[in-house]
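To keep things clear, I will list the structure first and then write my remarks on it.
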Amino acid sequence: MRNFTMPRPTINTLAVVFCLCATVAALTLISTQSISANDSVPDAVLLLDGQNWHPGITFKIGSLATFLGIMLLGVAYWNHTLRRIVRNRTASLQQELEERHQIEVNLKNLTDELELRVRERTMELENEVRERISAEQAAKSSERKFKTLFQNAADPIYIADMAGRMIAVNDQASGELGYSQDEMLQLGVSDIDALDQPKAGANFFQKVCESGKASFETIHRRKDGSSFAAEVNARLIDYDGQPAILGIARNLTERKEAEAEKENLMAQLSQSQKIESIGRLAGGIAHDFNNLLTPIIGYSELLLRDIPPDNRGIEKVERIRQASDKAKILIQQLLSFGRKQVLEMKTIDLNQVISSFYEILRRTIRENIDIKLNLTQDSYGIHADKNQIEQIIMNLAVNAQDAIASKGTIAIETAPVFLDEEYVRQHAGVRPGPFLMLVVTDTGCGMDKETLKKIYEPFFTTKITGEGTGLGLSTVYGLVKQHEGSIWVYSEPGRGSTFKIYFPIIDALPADELPPVSEHVVIKSMNHTILLVEDSEIVRDMVHELLHDLGFNVIVAEGPKQALKMSAEKHIDLLVTDVIMPDMTGPELHKLLLKSHPGMKTLYMSGYTNNVIIHHGVLDEGTNFIQKPFAVCDLAMKVGNILDSMGKSDR
């Protein structure tokens, strides 16, 4: 249904209506004047009397018209007033609506902004919650890790308050000291410190507080009263909001043992290097002395042959030869110490060597000293020079005899042992594996630590002057090393000494003993030519004279170059040459001469080979060698054997 809208009255409309009402009212008043007061008009009288209005009716109509006019005017006024009020109210409402709309828009904007802020804040709160949860989880995880690390740390860990009372310890700390966790928390730092130095403890706490950390060594006391060295690293920390000291202690027992072991190994290495240096010096000196002793021994023997038995000078020459022999033994000991001696290595049974040598040993050692043998029941082969093994046993036995003042015992023992990695780690210069141990023990006076450091040095002796050369144990040391073995000694003053020697066991049976070769060699053929090459004049002259006296044709050369020239286009049966010479070595000369003398044999002579024809003291296979200084008969026998083998091979 359409809404009816009343037209809006204007001022002109209102004026017209008002004029009409006034006109009607005036006409009504005029007509009323012709009606008398006594006239009465009945209600049923017609409005018009003839052609005129009835006076009573006219009055009433006029009054009504006037009333209606006034009413219309009032209505018009009120309508106008109401319209104006309505317009004003409508405008006010319109303005209110616009303001309300603006408020609603603003409210919506504020709501949107608030919702945005709420969402942002909600996200922030969610992030904060997540971060807090993550932080709590991380804290719990960190706490679990801390507890795991704290309890499973390899070193004892202590946490003490600033008064020195324990507030937390790990299992390693309580286990190391022998306490339970509850017992540890009842203790203070001073209760486990065995040094009992209050000032030191106070200084320690002060240092930690000032610098935040400190490190020191101390002695910790266990519950059972035992103690051990410990290294403590302390740091100032915040523990549950309170300052505390975190201490990590490390047991230094193993480190101290390792340091002592290292010091011992360094001492062994230093001793070995010192002995090695002395050995090289001894080898060099022995070489020069051998060149001097060779003509002394040789000429003394030639003189003994030439001098008539009834000549008084023969005794003097014999004294010279005896002194030379002693010097020869001394030089041999130096070479043994320096590991420059030539060995005749073969597989031997150590038990058989000791058993067969016992009678000689028994005659050498004093009767009031008992010699006991405790040899292994099984047979083991070692690669050794039988004569040098006997020398080792003899030197150790004589050394033990000198250490026993009156009655006593020397025990000789053999046993198979296996040296493992742990033993090797603690003993420098030893390799692991199976060894045959030779033990010589005595009940003598023993030795102190200072003496033990020097016992293998040449010419070191604790005996009075004239009773020993000081080369006995140094010779043993050199021979053992030359046999690729090792030697260790344990001794204390008043408790005797024990020498343990380890020889490598080899998987081979002992070689059969060959009958000794007769020293009286008959040289059947004198038609041999010998090329003698020696750079030492006195040795060269002595050997030349000896070979010439034996009936050989001798070509003498001062050096290898001269020998090559003098031997050209000549037949050479035997080359007798020194090993170490200025121009070239004896083996190098031998190779050059073989090109023009293919059947030539060679005899090397030297007092110091320097590993030219021997390696680790063992001659290269097929090599003929004679050690300086040598006796005339030794050289004659060696030359005769070589030439005799040539004759047999020719046949």
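The values are calculated or read from the model by the stated rules, or taken from the named source; none is laboratory data. These figures come from a predicted structure and were not determined experimentally. All Cβ positions, glycine included, derive from the backbone under ideal geometry; neighbour counts span all protein chains shown.
What to note about this one:
- All positions within the range 578-601 that are within 15 Å of THR623 (Cα to Cα) and out of contact with any Ser or Thr (no Cβ under 7 Å at 6 or more places or on another chain): THR585, PRO587, GLU588, LYS591, LEU594, GLY599, MET600, LYS601
- Candidates THR475, THR462: the one that is touching a helix residue (DSSP H, G or I) at 6+ places or on another chain (Cβ under 7 Å), at pLDDT below 80 and outside any loop (DSSP other than H, G, I, E, B) is THR475.
- Look at the range 286-310: where a residue is assigned by TED's automatic domain parsing to the domain that holds MET542 and over 13 Å from GLN322 (Cβ atoms), no partner that is surrounded by 21 or more Cβ atoms within 10 Å (Cβ to Cβ) and acidic (Asp, Glu) sits 6+ places away or on another chain with Cβ atoms under 7 Å.
Condition check ((1) closer than 30 Å to ALA249 by Cβ; (2) in the same structural domain as VAL208 (by TED's automatic domain parsing); (3) touching a Cys at 6+ places or on another chain (Cβ under 8 Å); (4) among the aromatic types (Phe, Trp, Tyr)) across all residues:
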{"position": "LEU110", "(1), (2), (3), (4)": "no, no, no, no"}
{"position": "GLU120", "(1), (2), (3), (4)": "no, no, no, no"}
{"position": "LEU125", "(1), (2), (3), (4)": "no, no, no, no"}
{"position": "TYR158", "(1), (2), (3), (4)": "yes, yes, no, yes"}
{"position": "SER174", "(1), (2), (3), (4)": "yes, yes, no, no"}
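- Counted residues, the range 368-425 - those being under 39 Å from the mean Cα position of the chain (by Cα) and in a helix (DSSP H, G or I): 5
- Residue in the range 481-490 that is modelled with pLDDT of 80 or more, surrounded by fewer than 22 Cβ atoms within 10 Å (Cβ to Cβ), within 34 Å of the chain's Cα centre (by Cα) and acidic (Asp, Glu) present: yes
- Positions within the range 427-451 being at pLDDT below 80 and surrounded by 13 or more Cβ atoms within 10 Å (Cβ to Cβ), in sequence order: HIS427, ALA428
- In summary, helices (runs of 4 or more DSSP H) completely within the range 513-628 and bearing 1 or more residues that are under 26 Å from LEU303 (Cβ atoms) and modelled with pLDDT of 85 or more occur at 537-549.
- Checked against (1) modelled with pLDDT under 85; (2) among the charged types (D, E, K, R); (3) not assigned by TED's automatic domain parsing to the domain that holds ARG221, ASP191 meets all criteria but (3).
- Only one entry of ALA214, ALA230, ALA244 meets the criterion of being at pLDDT 80 or above, within 17 Å of PHE150 (Cα to Cα) and surrounded by 13 or more Cβ atoms within 10 Å (Cβ to Cβ), and that entry is ALA244.
Residues are listed down the side, and each one gets a yes or a no for (1) in contact with a helix residue (DSSP H, G or I) (Cβ under 8 Å, 6 or more places away or on another chain); (2) at pLDDT 85 or above:
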{"site": "MET345", "(1), (2)": "no, no"}
{"site": "ASP349", "(1), (2)": "no, yes"}
{"site": "ILE371", "(1), (2)": "yes, yes"}
{"site": "ASP378", "(1), (2)": "no, yes"}
{"site": "GLN391", "(1), (2)": "yes, no"}
{"site": "LEU396", "(1), (2)": "yes, yes"}
{"site": "THR409", "(1), (2)": "no, yes"}
{"site": "ILE412", "(1), (2)": "yes, yes"}
{"site": "GLU421", "(1), (2)": "no, no"}
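- Here VAL430 passes the criteria (1) among the hydrophobic types (A, V, I, L, M, F, W, C); (2) within 41 Å of the chain's Cα centre (by Cα); (3) in a strand (DSSP E or B) except the one numbered (3).
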